[in-house]
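Heads up: the structure comes next, in structure tokens.
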Amino acid sequence: MSDDPHLGFIIAAYLAAAFVFLSLLLWVTLDYNKQKRLLNLLEASGARRRSEGDKV
Amino acid sequence: MNFTLANPARFLAFIRIAIPWLAVFGSIVTSIGFYLAFAFAPADYQQGETVRIMYIHVPSAWLSTACYGIMALSSIGTLVWRHPLADVSAKAIAPIGAAFTFLCLLTGSLWGKPMWGTWWVWDARLTSVLVLFLIYCGILALWNAYEDPARAGRSAAVMTLVGAINLPIVKFSVDWWNTLHQPASVFRMGGPTIDRSMLWPLLVVAIGITLLMVALHFAAMRNEILRRRVRTLGIIAANYEMKRGV
């Protein structure tokens, strides 16, 4: 396969796939960390939903 | 039918267990699929080694429409039952579907240049997939245009269901019009026309990537549930501060 004249196209396609997957993975991970941090900050300040009892 | 998971708290408990399993199992199956695709599947008698692009292009194409299908079903859940998890699901799958559609267009272009002699042609299949990508972009823009997630969810659901008319056009474009893109060779009346030595690796990769897509969807849903909790608590905290100030 290494002597295929279109090897560059094959490599580019798989690199693009890896980039898209890693971007999605990074997006969900960073977003999760951000939401968790914000939620912890709010809960630490005493904010509670009515269903959870005390309200602020 | 079991509706116990249709509660955000129970759903969060369920996906806390499901996400790692789906991610690990999906990675293993995808790796096996790529191993089969590169070590056992033969080169094509006409396309040579370039046919290897198929093992990433075709699953991306399937998932681009599958994600839209999930989004359309979730939109029905939003408009008919107004279930909070339905629009969480619809919002979470939109960027994933857009990413797979982008990957489908990009890998198709990288396959088209050496085989057709062109990066792009305005034939019915390519154009309808580009329209699918633009619809995804429009839905993502709509989600970000509203402050209130419930209002955004209803508007995005209507747009999603209107845009769903493009799905049969994507699928049957190669039959209805004379296209440079080849006709269906796997999901077609009369069975697949692709040789088994290529079909099995393709199906294994497709199953693996589908499992990874479900893991990403669940992870994005979890994030959206947390985002809505943050929004609710932020409003409660702001109201309390306002009352205290008065």
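Within the range B:137-185, track down each residue that is within 19 Å of the chain's Cα centre (by Cα), touching a residue at least 60 places away in the same chain (Cβ under 8 Å) and either under 16 Å from B:ALA90 (Cβ atoms) or part of a loop (DSSP other than H, G, I, E, B) (or both).
B:ILE139, B:GLY153, B:ALA156, B:ALA157, B:VAL158, B:THR160, B:LEU161, B:GLY163, B:ALA164, B:LEU167, listed by residue number.
Residues to consider are B:ALA61, B:ALA66, B:ALA43, B:ALA23; find the one that is on the phi < 0 side of the Ramachandran plot and at pLDDT below 95.
B:ALA43
Yes or no: B:ALA99 more than 9 Å from chain A (Cβ to nearest Cβ), assigned to a helix (DSSP H, G or I) and either closer than 18 Å to B:ILE165 by Cα or of a type outside the set (Ser, Thr, Tyr) (or both)?
Considered against the rule, which asks whether it is more than 9 Å from chain A (Cβ to nearest Cβ), assigned to a helix (DSSP H, G or I) and either closer than 18 Å to B:ILE165 by Cα or of a type outside the set (Ser, Thr, Tyr) (or both), B:ALA99 comes out as no.
Within the range A:13-48, track down each residue that is more than 7 Å from every other protein chain (Cβ to nearest Cβ) and either of a type in the set (Lys, Arg) or outside any helix (DSSP H, G or I) (or both).
A:LYS34, A:ARG37, A:GLY46, A:ARG48
For the range B:230-244, check the following and say yes or no: at least one residue is under 24 Å from the mean Cα position of the chain (by Cα) and of a type in the set (Gly, Ala, Ser).
no
The values are calculated or read from the model by the stated rules, or taken from the named source; none is laboratory data. Treat the numbers as computed from the prediction; the structure is a model and nothing was measured. Backbone-built Cβ (ideal geometry, glycine too); neighbour counts: all protein chains shown.
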